[in-house]
Amino acid sequence: MVAQTGDIIVVDDDCFMREILTDYLRDNNLCAKGASSRSELAPLIRGRDASLIVLDVKLGEDDGLDVLRDIRSRSDVPIIMITGCRAGEADRIVALELGADDYLLKPFSPREMLARIRALLRRNELGRIGRNRAAQRGGYRFNGWCLERRSRKLVDPNGAAVPLSNGEYSLLLAFLEAPQRPLSREHLLHSTRMHEDVSDRSIDVQILRLRRKLASDPRAPHVIRTERQVGYLFASPVERF
């Protein structure tokens, strides 16, 4: 049984698709609600936690990517983006870079969506258990930065808190636990528990987002270095506390 603390919200302006998906999720013992727009979504997530959001890229007059950006600025709730079959790799990369956890092209079967939802919920639950176990384990220091495991808080050299998504936190933790050692994309995918169908390219996107938070110029990364034909390496010395 996958842990679910809140509703799964399906946001799609296609009434037929929305109802088929929400009904299928309910038939499989998941709490699901539907919304057709940003305005309908807002009251469903205001003041409460959603377990997961399925979000269409096209929402009539609303831009699903803008909605994704807004949600991600306030929450790390898992988000699966869905869109028509004409979407290219660039569109998928943009969605992943903005913080989507998975991306699925229409038409898809409700059964496949259910499998992806369960995989993300399972990943989140494993992450929550891991964070609870690690709550008393102190943290890490590097280049004036500090990552506190108890609070999952990243603090920059000036003392300002830098927010991290679940994926970014897991990725940074994987690097800090193996500093100055090349790590393959496969290892990083496993460490972040990303969906098995997500390509290695998604790790590159996550790395870019993390670099942007750790350096002023992500095109000249000094902390996370690319190791050709291997993966990535966290170049700075790390101190545990």
When only residues in the range 155-205 that are under 22 Å from Ala235 (Cβ atoms) and of a type in the set (D, E, K, R) count, which is modelled with the lowest pLDDT? Asp200
Subset of the range 107-121 [crowded, with 16+ Cβ neighbours inside 10 Å and of a type in the set (A, V, I, L, M, F, W, C)]: Met113, Leu114, Ile117, Ala119, Leu120, Leu121
So Arg111 passes all but one of these: (1) under 24 Å from Ser73 (Cβ atoms); (2) at pLDDT 90 or above. Which condition number does it fail? (1)
Residues that are open to solvent by less than 40 Å² (accessible area, probe 1.4 Å) and modelled with pLDDT of 95 or more, at least 2 per element: which helices (runs of 4 or more DSSP H) completely within the range 1-106 meet that? 15-27
Counting only residues that are within 22 Å of His190 (Cα to Cα) and in contact with a Ser or Thr (Cβ under 7 Å, 6 or more places away or on another chain), which one in the range 136-170 is most open to solvent (accessible area, probe 1.4 Å)? Ser170
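The values are calculated or read from the model by the stated rules, or taken from the named source; none is laboratory data. It should be emphasised that the depicted structure is a prediction, and the values quoted were computed from it without experimental measurement. Because the Cβ atoms are built from the backbone with ideal geometry, glycine has one as well, and the counts that use them run over all protein chains shown. These accessible areas exclude ligands, DNA and RNA; they are computed on the full protein's heavy atoms, side chains included. Shrake-Rupley method; radii C 1.70, N 1.55, O 1.52, S 1.80 Å.
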